[in-house]
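Asker: Quick one: this structure, given as structure tokens, is what I'll be asking you about.
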Amino acid sequence: MFDLDHLRRTKWHLDGHPVRTLDEAREFIESVGFCLMYPLKSPVLVPTFVGAWAGGDDRLPTWQHAYADPRAQQATELMVRLLRERTAYEANLFYENNAFLVAGSIFPYFYALVGDRNPKQPPKPGPRSEYSQLVCDAYEVIRRDGPISKQKMQEKLGGSISFAALDHALGELWSKLRITRVDYKAGEGAFWDVLYRWSPDAVREGIGLSVAEALSALLSKYLDCVIAADQAEVETFFGNFVPRSRIKEAVNALLSARELSFVHVGNRSLIQITPAKAEPAVRLPKGQPVKR
């Protein structure tokens, strides 16, 4: 039996070894694959970037209180540097207005799950459309003038549109990975661009992946990130953007293929990536020289 909590705290940098430099941040996001920026009120089993920056999880701020916490501001500055160089991507896949960060190496798999298969086709309003007129207008401004700040966007759309309404429209486009935040500047806030222009290679790769292929890869990466988890924890995480029936099918397929297996921790039966079998030692007969 292994100490699950200790292994997670070490991997998530909650063990007193904070992530402070850009190189450390790159290494962290690549190691865990994905993380939330801040902890959620209703916990989900996944690391947080602010926790890694702080080197612990004592009284970490939620997004509602981030403005008053120096740790959050400094962690955000480091996170934005990852976004600028496309080492990480930000997605709006969780509730509570909490940024979800995804390593650049696995972002195409997330795009395959939730992104639009025809990203250059602009959204259109209408009785059968899921998009409102404001959403479509906001998209067109970003496509035409992006990267663009929300303030400049509001000016181009007309001053009568409130920031709250614009935030809602941006959230809809962001949740479908139509757009993404690509920068942040003091006094101007976040800058937005259409994703297919900001990162064409990642979008192209995501379009070429099947949902089943992407989900299998992400399940394995998630279990690598959390070390081991029970079925409910896996479904709670992926249930934010994938139907639970699909998650069960994918887990069962990986278990049948023996890519995943069960491990008992205390009285819990958890799912883990099947450990690699050790190569058997090769023993040479006595006196036989080793060939070089």
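Just so it is clear, none of the values below were taken in a lab; they were calculated from the coordinates. These numbers come from a predicted model, not from an experiment. In this analysis, Cβ positions are derived from the backbone assuming ideal geometry, glycine residues included, and neighbour counts consider all displayed protein chains.
Asker: Looking at region 80-182, which trypsin sites (Lys or Arg not before Pro) are DSSP coil and have at most 11 other C-beta atoms within 10 Å of their C-beta? Walk me through the intermediate numbers first.
Answerer: Numbers: sites: ARG81, ARG84, ARG86, ARG117, LYS120, ARG128, ARG143, ARG144, LYS150, LYS152, LYS156, LYS176, ARG178, ARG181; in loops: ARG86, ARG117, LYS120, ARG128, LYS176, ARG178.
Of the trypsin sites (Lys or Arg not before Pro), the ones in loops of region 80-182 whose Cβ has at most 11 other Cβ atoms within 10 Å are ARG117, LYS120, ARG128.
Asker: What percent antiparallel are the DSSP beta bridges of the chain, to the nearest 5?
Answerer: Working: 22 of 23 bridges.
Around 95 percent antiparallel, to the nearest 5.
Asker: Okay, next question. Just PRO39, PRO61, PRO200 to compare: in a GNM of the chain, with alpha carbon springs under 10 Å, which one fluctuates most?
Answerer: The residue with the greatest mean-square fluctuation here is PRO200.
Asker: Using θ = phi - 60° and the Karplus form 6.51 cos²θ - 1.76 cosθ + 1.60, what ³J(HN,Hα) does each residue of region 259-273 get, whole Hz, x for Gly and Pro?
Answerer: Karplus values, whole Hz, x for Gly and Pro: 7, 10, 8, 9, 9, 9, 10, x, 9, 10, 9, 10, 9, 9, 5.
Asker: Compute the Cα gyration tensor for region 114-209, then decide on rounded, prolate or oblate, letting a ≥ b ≥ c be the square roots of its eigenvalues: rounded whenever a/c is under 1.5, prolate when a/b is larger than b/c in the other cases, and oblate in all that remain. Please list the in-between numbers first.
Answerer: Working: a/c = 2.21, a/b = 1.25, b/c = 1.76.
It is oblate, given that a/c is not under 1.5 and a/b is not larger than b/c.
Asker: How about LYS185: which lysines have a C-alpha closer than 25 Å to its C-alpha, ignoring those fewer than 8 places off in the same chain?
Answerer: LYS150, LYS152, LYS156, LYS176
Asker: Please give every one of the lysines within straight-line cross-link reach of LYS11, meaning a C-alpha to C-alpha distance under 19 Å, and leave out same-chain neighbours fewer than 8 residues apart.
Answerer: Cα-Cα hits under 19 Å: LYS221.
Asker: Could you pull out every residue, at least 5 positions away or on a different chain, whose amide H is within less than 5 Å of the one on VAL265? Hs are placed 1.01 Å off N in the peptide plane, and Pro or chain starts have none.
Answerer: The list, which skips near neighbours in sequence, is LEU270.
Asker: Rounded, prolate or oblate, given the Cα gyration tensor of region 1-105, with a/c below 1.5 counting as rounded?
Answerer: Values: a/c = 1.31, a/b = 1.12, b/c = 1.18.
Taking the square roots of the gyration eigenvalues as a ≥ b ≥ c, region 1-105 is rounded.
Asker: To continue, here is another question. With the dipole of region 77-178 worked out from charges on the C-beta (+1 for Lys and Arg, -1 for Asp and Glu) around the Cα centre, which of PRO108, ALA88, GLN121 lies farthest toward the positive end?
Answerer: Of PRO108, ALA88, GLN121, it is GLN121.
Asker: Taking amide H atoms as placed 1.01 Å from N in the peptide plane, list the residues 5 or more away in sequence, or in a different chain, whose amide H sits under 5 Å from that of ILE179.
Answerer: Excluding prolines and chain starts, which carry no amide H, the hits are TRP174, LEU195.
Asker: Oh, and also: If you place +1 on the Cβ of every Lys and Arg, -1 on the Cβ of every Asp and Glu, and leave all else neutral, what size is the dipole of region 1-127 about its Cα centre, to the nearest 20 Debye?
Answerer: 480 debye
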